[in-house]
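Only one structure is covered here, and it is reproduced in the block below.
The values are calculated or read from the model by the stated rules, or taken from the named source; none is laboratory data. Here the structure is a predicted model, which is why all the values come from computation and not from measurement. Cβ coordinates were reconstructed from backbone atoms using ideal geometry, including for glycine residues, and neighbour counts include every protein chain displayed. Quick note on the areas: whole protein, heavy atoms, side chains included, nothing else; ligands and nucleic acids left out. Shrake-Rupley method; radii C 1.70, N 1.55, O 1.52, S 1.80 Å.
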Amino acid sequence: MILFLAQVLIGLILLLHVYFVLLETVLFKTRGRRVFGLSAEKAEIMAPAMSNQGCYNGFLVAALALGLLHPNADVARAFIGFGLGCIAVAGLWGSLTVKKTILYIQTLPALIALALYHYA
């Protein structure tokens, strides 16, 4: 049961990061601009850096997807640990440098999922 809860939470985190990828890449100058509270001019300047950030979120999505789908339990565990660990650290850094709420949106769910998965 704990493993199932961990996998559901990991799946939700994966979907959240798919949204981040889209928001920071293809949707940045429209919806992303509104979400981040940027003027059109500022969004134009930041678009290349945000697109790069979106690519990194895509790598985290790939790590979580591989962890959920890989048939070898040890390999799956390594991908899950890596992906959630990176998400937690990036969220902590984001909460210190960008916005405090990132701690609750990104870091806390990743740490909870990591704990559940580890103890499953």
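Some notes on this structure:
- Qualifying positions in the stretch 61-112 - open to solvent by less than 20 Å² (accessible area, probe 1.4 Å) and under 11 Å from the mean Cα position of the chain (by Cα): ALA63, LEU64, GLY83, LEU84, ILE87, ALA88, GLY91, THR107, ALA110
- Flag for VAL21 being more than 17 Å from GLN7 (Cα to Cα), of a type in the set (Val, Ile, Thr) and surrounded by fewer than 17 Cβ atoms within 10 Å (Cβ to Cβ): no
- Hey, TYR56 at pLDDT 95 or above, in a helix (DSSP H, G or I) and surrounded by fewer than 20 Cβ atoms within 10 Å (Cβ to Cβ) or not: yes
- Considering residues of the stretch 67-107 that are modelled with pLDDT of 95 or more and of a type in the set (Lys, Arg) only, the residue farthest from THR25 (Cα to Cα): ARG77
- Qualifying residue in the stretch 27-47 (condition: hydrophobic (A, V, I, L, M, F, W, C), crowded, with 18+ Cβ neighbours inside 10 Å and within 12 Å of the chain's Cα centre (by Cα)): no
- Hey, LEU64 modelled with pLDDT of 95 or more, part of a helix (DSSP H, G or I) and in contact with a Phe, Trp or Tyr (Cβ under 8 Å, 6 or more places away or on another chain) or not: yes
- Scan of the stretch 1-18 for residues that are among the hydrophobic types (A, V, I, L, M, F, W, C), within 15 Å of the chain's Cα centre (by Cα) and surrounded by 14 or more Cβ atoms within 10 Å (Cβ to Cβ), ordered by number: LEU9, ILE10, ILE13, LEU14, LEU16, VAL18
- Just one residue in the set LEU38, LEU22 is of a type outside the set (Phe, Trp, Tyr) and either under 22 Å from LEU114 (Cβ atoms) or part of a helix (DSSP H, G or I) (or both); that residue is LEU22.
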